[in-house]
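Asker: First the structure, which I've put down as structure tokens, then a few questions once you've had a look.
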Ligand SMILES: Cc1ncc(COP(=O)(O)O)c(C=O)c1O
């Protein structure tokens, strides 16, 4: 092992020890939780070593841990927290839904309006249905595609994440839903086309994220998405965009931004105003299969699909808060901020760079272009950990893997503060490695 590598190992050990010593209450709660949940955890992505922070309170753009430490939240609940933690309009909408009573066991007046707003916002969606999560939305979009086309196989991309049982990282998750998957290389159209041509009419659909969020905000080349559209048409397969994360991109989501119209798309995260939410929708002829007044209707049940909390908040989100104009402005703000961060990192001659799209960003300890998971193979994960721990020490919260999603309640002072903190932490890391 080189001297540099040894020093990095020591720095990681020290950072973990400091964290452990300064979070005794989080540790205590974690140990209790371990008696009842494996690893004290019920949501893999939020876990981090040596044990995760326990958050006890959140207001505006800040979260507070069990020790009473305050952190400015740059994670934004993996994109579901677009409105911060206590947005007055969201709170008022939630109260209104509560006051009207819950669990009707019937259609409610909110879902009609919310679905209209979604169809108007996302041009690819002529008709839609609600689910409880993005994972369920994926499940339904794939299932209806297979039924509609009468075909079996589903083409996805290496690095794609579409929900808890739809994970295609360096390897496929062994507990993926048992669809007959074909996994193609992301952003490599030549290889994808060869697969599509050889598999031909066995492929029901192609499922793609316009930006691979979980793999680190790796944006699809516009030409790649356009070529997928053409190839799907050539072989009669459906094109599905997973926009669970990217629908916040500009006024009409990533499909509109890239100018590519998928047959179906999935939504999730922030659109329920921070409440559980998912949706799938698209072409009226495909979605029409779910019309219950038809003799041959497909069944799609789900107790909480039209729950009044998510439906009422969704209306608030699209009508009053994240309007098309606001979505466009927020996209531009993210683009500008990312460019500024990269200029700073370049000046510091840092290993790190920030990639992403609009308000979705990820810090990576890698130089050079990142167009697929392959390009991240050389990243030293110890640097990611040191960055995460260093930013926590400075009072800034991001994902352990470097992911950030900007909320609407972050202020100028938060951005400047983050930049200073990042500069300080990056300098510390560079002095070790
Ligand atoms: C692109 C993408 N698709 C689907 C999902 C699954 O959504 P949910 O966590 O609501 O099931 C996620 C969640 O992170 C996601 O990022």
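Asker: Is it the case that the range 91-106 has a residue that's over 24 Å from residue 326 (Cα atoms) and at pLDDT below 95?
Answerer: Checked the range 91-106: at least one residue is over 24 Å from residue 326 (Cα atoms) and at pLDDT below 95.
Asker: Quick one: what pairs do we get from the range 31-45, first residue in a loop (DSSP other than H, G, I, E, B), second within 16 Å of the ligand (Cβ to nearest atom), C-beta under 8 Å, 6+ apart or different chains?
Answerer: Hits for this filter: 41/47.
Asker: Another question, if that's okay. Residues in the range 230-252 that are more than 12 Å from the ligand (Cβ to nearest atom), outside any loop (DSSP other than H, G, I, E, B) and either free of Cβ contacts under 8 Å to residues at least 60 places away in the same chain or within 13 Å of the chain's Cα centre (by Cα) (or both): how many?
Answerer: Of the residues in that region, 7 qualify.
Asker: Hey, any hits in the range 355-366 for a residue that's in contact (Cβ under 8 Å) with a residue 12 or more places away in the chain, surrounded by fewer than 20 Cβ atoms within 10 Å (Cβ to Cβ) and in contact with a helix residue (DSSP H, G or I) (Cβ under 9 Å, 6 or more places away or on another chain)?
Answerer: Yes, the conditions are met somewhere in the range 355-366.
Asker: Does residue 103 meet the test of being outside the structural domain of residue 399 (by TED's automatic domain parsing) and over 30 Å from residue 285 (Cα atoms)?
Answerer: When the stated conditions are applied, residue 103 passes them.
Asker: Among the residues of the range 298-318, is any over 30 Å from residue 92 (Cβ atoms), at pLDDT 95 or above and not assigned by TED's automatic domain parsing to the domain that holds residue 122?
Answerer: no
Asker: Taking the range 255-275, which residues are more than 27 Å from residue 93 (Cα to Cα), touching a helix residue (DSSP H, G or I) at 6+ places or on another chain (Cβ under 7 Å) and within 14 Å of the ligand (Cβ to nearest atom)?
Answerer: 262, 264
Asker: When you scan the range 309-324, do you find a residue that is more than 18 Å from the chain's Cα centre (by Cα) and free of Cβ contacts under 8 Å to residues at least 40 places away in the same chain, even just one?
Answerer: Yes: one or more hits.
Asker: Moving on. Which of the residues belonging to the range 68-84 are more than 16 Å from the ligand (Cβ to nearest atom) and either in contact (Cβ under 8 Å) with a residue 40 or more places away in the chain or crowded, with 21+ Cβ neighbours inside 10 Å (or both)?
Answerer: 69, 70, 71, 72, 73, 74, 83, 84
Asker: Could you grab me the full set of residues in the range 119-140 that are over 13 Å from residue 277 (Cα atoms), out of contact with any helix residue (DSSP H, G or I) (no Cβ under 7 Å at 6 or more places or on another chain) and crowded, with 18+ Cβ neighbours inside 10 Å?
Answerer: Those that are over 13 Å from residue 277 (Cα atoms), out of contact with any helix residue (DSSP H, G or I) (no Cβ under 7 Å at 6 or more places or on another chain) and crowded, with 18+ Cβ neighbours inside 10 Å: 139, 140.
Asker: For the range 352-365, enumerate the residues that are closer than 22 Å to residue 427 by Cβ and touching a strand residue (DSSP E or B) at 6+ places or on another chain (Cβ under 7 Å).
Answerer: 352, 353, 354, 355, 361, 362, 363, 364
Asker: Right, something else. Condition test on residue 163, is it in the same structural domain as residue 242 (by TED's automatic domain parsing), under 24 Å from residue 377 (Cα atoms), touching a strand residue (DSSP E or B) at 6+ places or on another chain (Cβ under 8 Å) and touching a residue at least 12 places away in the same chain (Cβ under 8 Å)?
Answerer: no
Asker: Say whether the condition of being in contact with a helix residue (DSSP H, G or I) (Cβ under 6 Å, 6 or more places away or on another chain) and either surrounded by fewer than 21 Cβ atoms within 10 Å (Cβ to Cβ) or not assigned by TED's automatic domain parsing to the domain that holds residue 8 (or both) is met by at least one residue in the range 406-419.
Answerer: No, that holds for no residue.
Asker: Looking only at the range 179-218, count every residue that is buried (at least 16 other Cβ atoms within 10 Å of the Cβ) and either assigned to a loop (DSSP other than H, G, I, E, B) or within 13 Å of the ligand (Cβ to nearest atom) (or both) and tell me the total.
Answerer: 17
Asker: Test each condition in (1) part of a loop (DSSP other than H, G, I, E, B); (2) exposed (fewer than 15 other Cβ atoms within 10 Å of the Cβ); (3) more than 16 Å from the ligand (Cβ to nearest atom) for residue 51 and report the one that comes out false.
Answerer: (2)
The values are calculated or read from the model by the stated rules, or taken from the named source; none is laboratory data. Because the structure is a prediction, the values reported are computed rather than measured. Ideal geometry is used to build each Cβ from the backbone, glycine not excepted, and the neighbour counts take in all protein chains shown.
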